[in-house]
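This report refers to the structure that appears directly beneath it.
The values are calculated or read from the model by the stated rules, or taken from the named source; none is laboratory data. What you see is a predicted model, and the numbers here were worked out from it, not measured in a lab. Virtual Cβ from ideal backbone geometry, glycine too; neighbours counted across all protein chains shown.
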Amino acid sequence: MLARRILSAGGPLIGLAILLVLPFAVTSPYYLHLTVTIAIFSILLLGLDVVFGYTGEVSIGHAALLGIGAYTAGCLAMHFGIGFWPALPLAIIVASVFGVVLALPALRVTGPYLAMVTLAFGTIVQILINEMTDLTNGPLGIKLTTPLFLDLRWLGDTIPLFDMSLKRMKEVEYYYITAFALVLTLIVINRILASHLGRAFEALRDSPIASDCMGVSVYKHKVLAFVVSAGLAGLAGALFAYSEQYIAPNNFGFELSVQFLLAVTVGGRKSRLGPILGAVIIVFLPNLLSDIELFRYIAGGIALIAVIAGARAFVKDPENRVRNAIPVVLCLAFFAFSLLLQKITDYKLAVFGVMILFVVYYLPEGIVGFLKRAVAQLWPSLVQTHAVIHADTHGKAVTATHEGHDGVLLHVDNVVMQFGGLRALDQVSIEVKPGTIHGLIGPNGSGKSTMMNVLTGIYVPTMGAVRFKGQDMAGKISSDIAGEGIARTFQNVQLFAELTLIENVLVGLHHTYQATFAEVALGLPRIRREEKAARERAMSLLHFVGLADLANEEARNLPYGKQRLLEIARALALDPALLLLDEPAAGLTAPDIKHLVDIIKKVRHAGLTIVLIEHHMDVVMGLCDTVTVLDFGQKIAEGKPAQVQADARVIEAYLGGVATAAE
Amino acid sequence: MNILLQLIVSGIAVGMIYGVIAFSYQLTFATSKTLNFGQGEALMLGALVGLTTINFLIGQALGTLWAYLLMLPIVFAFGLAQGAVVEWLGVRQAVKAKSEAGWIMATIALGIIFRNLAENIWGRDALRFPSPLPEAALTIGPVRIQPMEIAIVIGALAIMLAVEIFNRRSIFGKAVVATANDRDAAGLMGIDTRRVITFSYALSSMTAAFAGVLIAPVTLTGATMGAVLGLKAFAVAIIGGLSSGMGVIVGGLILGITETLTGYYISTGYKDVPGLVLLLLVLSLKPSGLFGRATIKKV
Amino acid sequence: MLEVNDLVAGYGKVKVLHGLSLKVEEGRLVTLIGSNGAGKTTTLRAISGMIAPESGTVRLGGEDLTGLPSFKITKKGLAHSPEGRRVFPTQSVKDNLLLGAFPRLTGARERGDVEGDLDRMFTLFPRLAERRAQLAGTLSGGEQQMLAMARALMLNPRVLLLDEPSMGLAPRLVAEVFATIARLKDEKITMLLVEQFAAAALEVADFGYVLENGRVAAKGPAEALRNDSAVRAAYLGHAH
């Protein structure tokens, strides 16, 4: 525990110290320049990690964003004589605007589609830079001069200037400026990712549908992630332009984008150290690959390690000998290849490709992830993948007010849901009274889950109306409906698997944050206050469902029964007036079910209204005030549980054939 | 008016090439929901292997046309093998390693490796591919057209038709369609769906390799010829819808013609832009493609 | 013919079956009933290899099939008509049936008379004969169910698993489906039938198992189960 504290406080300090003394250690101008490039790429990669690591989208367009930043600086200098300092914020702004453009298709598509979109974006940008010669000087590129340390030319020539203003920056000074930018980036990124915004990024990756149903708009936050990422790429671009002092279109091509992806993957996603390590690797890679001797030594070293590891696996894991032998053979082949090779520069890209394959197969978590796992095996107490959140419980976990809305909270009026030729819901009308538990039952395929999806805006009904608190809900999007006070759980659990329990509940509390993006980035008092309040509230909600002890566990490590309870806690965090439970008891053991029933009773007691879909009839009959029975999308019965249980049509629907046979 | 007609006719041939590559994307996407981000390199390798083969055959005192026809089976066989390698090294292993988006990065990496190897084997300069047909343009009414352009249209239609017939008529083709329809249910029929997916990658690369030797005689051949073609063909696959066979032909023609028009009326430097902009627009507005059907999302 | 012992299976962390055993003897029709979520479909999926069981064994005619992928199990002669029919929507009715005979057409199982069996299916399901060239996706729900059953039969299976053939069908069609199952039983086809409609299933079956929470809650000859209050309780809850 103490060791971890020292590590987590000491890490940044050590990093800062390294950044400060580095120029004293690295005296060769060549290597100092490489160090500057590492710092610049680190800024970009930290931004790329927001998109790639946190929201889980592959971007093959970040080299283009870097190019946009660089060309913003270049064009400003070439056409308007605007210097280094103003170029930095302007590059951020211009690149952010392009980030919005890049994110627009993200509303509709994800995964490979979005990857191709970013690739197309990168190609277009490169073509435009090449072709718009009036603006960008085309393939000839732009030359830049070393920036002035303090640009006071705008004050006019007559003012007597102190020497500083005309002094051009030395490489060391430029190094400190980029290092400062890097530190600033780290601070801002850390704040964003630790805030409700960072949790939203991860939530939308793990389950977009659940995010929307928690009132966290997937689209809005995806755009935000791209904008943050693009802004940092823009900053890196402007720094890059002045560091290289010459930019040309083919500096910013497809291969560089792929290198950036490799860097984040190799270093380790979802960490601050990972992207920086990745930057070191991709900057030194070309140097490494230009020195054949060094390359042979490294290939030999890798082969040696592989042989040792392979020998160990050969003894310890006799079942997978063939499988484990493959990487060893490949590493040996790689070493042989390095010995045969005469001119390494010709095969630079192939080696680079092999590296990507190696990382994808054997290092999917990157170096940082790998080290974390290794350390966790030796000293488990040292490693914590998530920030541990301690909070006192505070106030009542669940509160609800139900004003009388003509005695009806939710009014489903003649809803029809048509999928092609199938009528999943056929003129169903339901009235849910405030403060009651309303059961919705029926055989498989009778339309219950469809109804749930209509109520939460995932489907738009073909006909009919849904009124909640007297307001029309049909056609509203999921995140807005959640905001109105309808929360739900899911039949097939939709937790944010890689977030901890308390973070899951905090996503549900997203609506309690008022702080703006700027406040988050600057760490102003309001966001701190809100975060503290939300954590306390989240803790009390976990208490409410009996999961407080596990607050800092990852949700995916929970047993199934507890996952269902966590979904309820997360839904309650929305402060809903109406809670929709979709088969909460499915797959639970008998004691779990009893616990669940107790919690549902407590929720009702707190004043919430509940719609319950459930197949465990004992649960339905024991809890519900009113039960509606669906069959083939139609309402076939409604009434008190005992009434429904005895209804001939219900028995027919459930048992089929001869209704009386079972008695 | 005549110029416009001429431009449209010229756009058709290149459009059909886009259509064929887009079709090759569909083949793997249908069965595995993945695709080869290095598909352009499959095309490039097909063209370069074809070039070496045809030069060898011409060296054996064969006529260009005969050499070209004899070359085709070798290119096909090479394409099949290359596709199987991509599936095995790039897709299956990456999916097995459970690394997120791993197959995307792995197929990109394979594409980079193939391109680099091609540069080292065939050099960095663009090479001329001997044309099997006379290069003198035919004059039909107001437009002039190269015989090879007609061959491209015929060849493109022929390969799509051949795959279509295989899928509809043979039991193995039906097994491929079944896997595309519903992988689990196909397994219940006794179909080894993993093998079907490897096969669809092989077929996909073969189709791309064929596209490579179709287009090679009318353009320059070289290690970098594939990248932009692959990307634009993806645009066509998106515009046409990843599930619609007619869609890729129409999408390919739209893109091919737009490009020749842009090249003539604006500037050749910009001719790659409209396709990519169209890709961004279609994905932003109607991601299932102009001809694809929207799917219902399930919870 | 089919023997399942101590089967434990589920999806990821979620265990659905907690040690389930059952037996289907040759030429018999056994039914597996129980409410939704009891584990009926999971049982069939674990038997046919759609999911890999965590422990326990599945034997077909004495041969151990546990853990094999579904395509290999099918080649051994076990046909599974899955929940939700899962016909191939873009292929014709006839092609769907031919795909059912895939192992026979490709030499993995004895070929026999595929053409003759096609004709037999068209006599057994006359509605399919009328629509043989139509795409399966355009069939009605009832017709798709017929097609799914016929497709599974095209394997000439040693055992046929039927998963909720009545699901989502109108009552008239449900009766038709059960009449067909009765005819198959007369042909001495070994079947394991999963049904939600307990009464109807016990009407046609020889033997029944009642599932509750992934375990066998009751078993016995069908006529005995028909009058068992445990069956009703499993569906509609215990009386309050």
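Given the structure, is residue C:192 under 27 Å from residue A:442 (Cβ atoms) and within 13 Å of the chain's Cα centre (by Cα)? Please lay out each step first, then the result.
On the way: under 27 Å from residue A:442 (Cβ atoms): yes; within 13 Å of the chain's Cα centre (by Cα): yes.
So residue C:192 fits the description; yes.
Using the structure shown, decide if residue B:185 is part of a helix (DSSP H, G or I), modelled with pLDDT of 90 or more and over 22 Å from the mean Cα position of the chain (by Cα).
The answer is yes for residue B:185.
So which residues in the range A:129-148 are part of a helix (DSSP H, G or I) and touching a residue at least 60 places away in the same chain (Cβ under 8 Å)? Can you show your working first?
We begin by selecting, within the range A:129-148, every residue part of a helix (DSSP H, G or I); these are A:129-131, A:133-136, A:138-140.
Answer for the range A:129-148, where residues must be part of a helix (DSSP H, G or I) and touching a residue at least 60 places away in the same chain (Cβ under 8 Å): A:129, A:130, A:135, A:136, A:138, A:139, A:140.
Quick one: would you say residue C:21 is of a type outside the set (A, V, I, L, M) and out of contact with any helix residue (DSSP H, G or I) (no Cβ under 8 Å at 6 or more places or on another chain)?
Working: of a type outside the set (A, V, I, L, M): yes; out of contact with any helix residue (DSSP H, G or I) (no Cβ under 8 Å at 6 or more places or on another chain): yes.
Yes; evaluated as a whole, the condition is true for this residue.
Here is a list: A:465, A:518. Which entry is of a type in the set (A, V, I, L, M, F, W, C), out of contact with any helix residue (DSSP H, G or I) (no Cβ under 7 Å at 6 or more places or on another chain) and without any contact (Cβ under 8 Å) to a residue 12 or more places away in the chain?
Numbers: A:465 fails: without any contact (Cβ under 8 Å) to a residue 12 or more places away in the chain.
Selected residue: A:518, the only one of A:465, A:518 that is of a type in the set (A, V, I, L, M, F, W, C), out of contact with any helix residue (DSSP H, G or I) (no Cβ under 7 Å at 6 or more places or on another chain) and without any contact (Cβ under 8 Å) to a residue 12 or more places away in the chain.
Inspect the range B:216-239 for any residue being aromatic (Phe, Trp, Tyr), more than 25 Å from residue B:68 (Cβ to Cβ) and within 14 Å of chain C (Cβ to nearest Cβ) and give the result as yes or no.
So the first thing to find is which residues in the range B:216-239 are aromatic (Phe, Trp, Tyr), and the list is B:234.
Pick out the ones that are also more than 25 Å from residue B:68 (Cβ to Cβ) and you get B:234.
Okay, now just the ones that are also within 14 Å of chain C (Cβ to nearest Cβ), so none.
No, the range B:216-239 contains no residue that is aromatic (Phe, Trp, Tyr), more than 25 Å from residue B:68 (Cβ to Cβ) and within 14 Å of chain C (Cβ to nearest Cβ).
Identify, by number, the condition in (1) surrounded by fewer than 24 Cβ atoms within 10 Å (Cβ to Cβ); (2) within 14 Å of chain A (Cβ to nearest Cβ) that residue C:197 doesn't meet.
Looking at each condition in turn, residue C:197 falls short on (1).
Have a look at A:466, A:460 and point out the one that is within 14 Å of another protein chain (Cβ to nearest Cβ) and hydrophobic (A, V, I, L, M, F, W, C). Show your work before the answer.
Numbers: A:466 fails: within 14 Å of another protein chain (Cβ to nearest Cβ).
That would be A:460, the only listed residue that is within 14 Å of another protein chain (Cβ to nearest Cβ) and hydrophobic (A, V, I, L, M, F, W, C).
Identify, from the list B:78, B:23, B:29, B:37, the residue that is assigned to a loop (DSSP other than H, G, I, E, B) and within 18 Å of the chain's Cα centre (by Cα).
Details: B:78 fails: assigned to a loop (DSSP other than H, G, I, E, B); B:23 fails: assigned to a loop (DSSP other than H, G, I, E, B); B:29 fails: assigned to a loop (DSSP other than H, G, I, E, B).
Only one candidate qualifies: B:37.
Might you let me know whether the range B:192-203 holds any residue that is without any contact (Cβ under 8 Å) to a residue 12 or more places away in the chain and within 11 Å of another protein chain (Cβ to nearest Cβ)? It would help to see each step written out before you state the result.
Step one: list which residues in the range B:192-203 are without any contact (Cβ under 8 Å) to a residue 12 or more places away in the chain, which gives B:192, B:195.
Subset that is within 11 Å of another protein chain (Cβ to nearest Cβ): B:192, B:195.
There is at least one residue in the range B:192-203 that is without any contact (Cβ under 8 Å) to a residue 12 or more places away in the chain and within 11 Å of another protein chain (Cβ to nearest Cβ).
Quick test of your reading of the structure: residue A:63 fulfils all but one of (1) part of a helix (DSSP H, G or I); (2) within 10 Å of chain B (Cβ to nearest Cβ); (3) touching a residue at least 24 places away in the same chain (Cβ under 8 Å); (4) in contact with a Phe, Trp or Tyr (Cβ under 8 Å, 6 or more places away or on another chain). Name the failing condition by number.
The failed condition is (2).
Identify the single condition in (1) touching a strand residue (DSSP E or B) at 6+ places or on another chain (Cβ under 6 Å); (2) under 30 Å from residue A:56 (Cα atoms) that residue A:442 does not satisfy, given that it satisfies every other one.
(2)
Among the candidates B:119, B:149, single out the residue that is closer than 20 Å to residue B:50 by Cα, assigned to a helix (DSSP H, G or I) and either within 14 Å of chain A (Cβ to nearest Cβ) or among the small types (Gly, Ala, Ser) (or both). So that I can check it myself, show each step before the final result.
Values: B:149 fails: either within 14 Å of chain A (Cβ to nearest Cβ) or among the small types (Gly, Ala, Ser) (or both).
Going through B:119, B:149 in turn, just one is closer than 20 Å to residue B:50 by Cα, assigned to a helix (DSSP H, G or I) and either within 14 Å of chain A (Cβ to nearest Cβ) or among the small types (Gly, Ala, Ser) (or both): B:119.
Going through B:155, B:102, B:111, B:141 one at a time, which residue ends up being more than 30 Å from residue A:354 (Cα to Cα), touching a helix residue (DSSP H, G or I) at 6+ places or on another chain (Cβ under 6 Å) and not hydroxyl-bearing (Ser, Thr, Tyr)? Break it down into steps so the answer makes sense when it comes.
Values: B:102 fails: more than 30 Å from residue A:354 (Cα to Cα); B:111 fails: more than 30 Å from residue A:354 (Cα to Cα); B:141 fails: touching a helix residue (DSSP H, G or I) at 6+ places or on another chain (Cβ under 6 Å).
After applying the criteria, what remains is B:155.
Give the range C:94-133 a look and list any residue that's in contact with a strand residue (DSSP E or B) (Cβ under 8 Å, 6 or more places away or on another chain) and surrounded by 15 or more Cβ atoms within 10 Å (Cβ to Cβ), or say none. Spell out the reasoning first.
Residues of the range C:94-133 in contact with a strand residue (DSSP E or B) (Cβ under 8 Å, 6 or more places away or on another chain): C:100, C:132-133.
Correct list: C:100, C:132.
For a quick check of your reading of the model, give me the residue pairs whose first member lies in the range A:346-359 and is closer than 13 Å to residue A:286 by Cβ, whose second is modelled with pLDDT of 85 or more and among the polar types (S, T, N, Q), with beta-carbon atoms closer than 7 Å and at least 6 apart or on different chains.
These pairs meet every condition: A:347/B:116; A:347/B:120; A:349/B:116.
Touching a helix residue (DSSP H, G or I) at 6+ places or on another chain (Cβ under 9 Å), closer than 14 Å to residue B:212 by Cα, surrounded by 16 or more Cβ atoms within 10 Å (Cβ to Cβ) and among the acidic types (Asp, Glu) - does that describe any residue in the range B:74-90?
So far as the range B:74-90 goes, no, none of its residues is touching a helix residue (DSSP H, G or I) at 6+ places or on another chain (Cβ under 9 Å), closer than 14 Å to residue B:212 by Cα, surrounded by 16 or more Cβ atoms within 10 Å (Cβ to Cβ) and among the acidic types (Asp, Glu).
Quick one: in the range A:555-596, which of the residues that are of a type in the set (Val, Ile, Thr) and within 14 Å of chain C (Cβ to nearest Cβ) is farthest from residue C:11 (Cα to Cα)?
Keep residues of the range A:555-596 that are of a type in the set (Val, Ile, Thr), which gives A:568, A:589, A:593.
Restricting the remaining residues to those that are within 14 Å of chain C (Cβ to nearest Cβ) gives A:589, A:593.
Numbers: A:589: 15, A:593: 19 Å.
It comes out as A:593.
I'd like the full set of residues that are assigned to a helix (DSSP H, G or I) and on the phi > 0 side of the Ramachandran plot, limited to the range C:179-235.
Taking the range C:179-235 first, the residues assigned to a helix (DSSP H, G or I) are C:179-186, C:198-204, C:222-226, C:229-235.
Across the range C:179-235, there are no qualifying residues.
Filter the range A:271-288 down to residues that are surrounded by fewer than 20 Cβ atoms within 10 Å (Cβ to Cβ) and at pLDDT 90 or above, then give me how many there are. Explain how you work it out, then say what you get.
As a first pass, look at the range A:271-288 and keep what is surrounded by fewer than 20 Cβ atoms within 10 Å (Cβ to Cβ): A:273, A:280-281, A:284-288.
So of that shortlist, the ones also at pLDDT 90 or above come out as A:273, A:280-281.
Total satisfying the criteria: 3.
Confirm whether residue B:49 is at pLDDT 95 or above, under 27 Å from residue B:246 (Cβ atoms) and either away from chain A (no Cβ under 14 Å) or buried (at least 19 other Cβ atoms within 10 Å of the Cβ) (or both).
Working: at pLDDT 95 or above: yes; under 27 Å from residue B:246 (Cβ atoms): no; either away from chain A (no Cβ under 14 Å) or buried (at least 19 other Cβ atoms within 10 Å of the Cβ) (or both): yes.
No: the conditions fail for residue B:49.
Only one residue in C:71, C:88 is free of Cβ contacts under 8 Å to residues at least 40 places away in the same chain, of a type in the set (A, V, I, L, M, F, W, C), within 27 Å of residue B:194 (Cα to Cα) and within 12 Å of chain B (Cβ to nearest Cβ), so which one is that?
On the way: C:88 fails: free of Cβ contacts under 8 Å to residues at least 40 places away in the same chain.
When all the criteria are applied, what remains is C:71.
Quick one: what pairs do we get from the range A:557-583, first residue under 18 Å from residue A:437 (Cβ atoms), second among the basic types (Lys, Arg) and part of a loop (DSSP other than H, G, I, E, B), C-beta under 8 Å, 6+ apart or different chains?
From residues that are under 18 Å from residue A:437 (Cβ atoms), the pairs are A:577/A:469.
Can you pull out the residues in the range A:568-592 that are in a helix (DSSP H, G or I), surrounded by fewer than 19 Cβ atoms within 10 Å (Cβ to Cβ) and not small (Gly, Ala, Ser)?
To start, the set of residues in the range A:568-592 that are in a helix (DSSP H, G or I) comprises A:568-572, A:590-592.
If we keep only those that are surrounded by fewer than 19 Cβ atoms within 10 Å (Cβ to Cβ) as well, we get A:590-592.
The answer is A:591, A:592.
Tell me which residues, restricted to the range B:177-191, are farther than 18 Å from residue C:149 by Cβ, aliphatic (A, V, I, L, M) and more than 7 Å from chain C (Cβ to nearest Cβ).
B:180
Does residue A:484 count as among the acidic types (Asp, Glu) and closer than 18 Å to residue A:212 by Cα?
Here the answer is yes, as residue A:484 does meet what is asked.
I'm checking my understanding of the structure. Among residues of the range A:103-129 that are within 28 Å of residue B:268 (Cα to Cα) and of a type in the set (Ser, Thr, Tyr), which one is surrounded by the fewest Cβ atoms within 10 Å (Cβ to Cβ)?
A:113
Just to check your reading of the model, which residue among C:33, C:47 is in contact with a Phe, Trp or Tyr (Cβ under 8 Å, 6 or more places away or on another chain) and either away from chain B (no Cβ under 11 Å) or on the phi > 0 side of the Ramachandran plot (or both)?
Numbers: C:47 fails: in contact with a Phe, Trp or Tyr (Cβ under 8 Å, 6 or more places away or on another chain).
Selected residue: C:33, the only one of C:33, C:47 that is in contact with a Phe, Trp or Tyr (Cβ under 8 Å, 6 or more places away or on another chain) and either away from chain B (no Cβ under 11 Å) or on the phi > 0 side of the Ramachandran plot (or both).
Please work out which one of (1) within 14 Å of chain A (Cβ to nearest Cβ); (2) within 17 Å of residue B:33 (Cβ to Cβ) is the condition residue B:83 fails and give its number.
(1)
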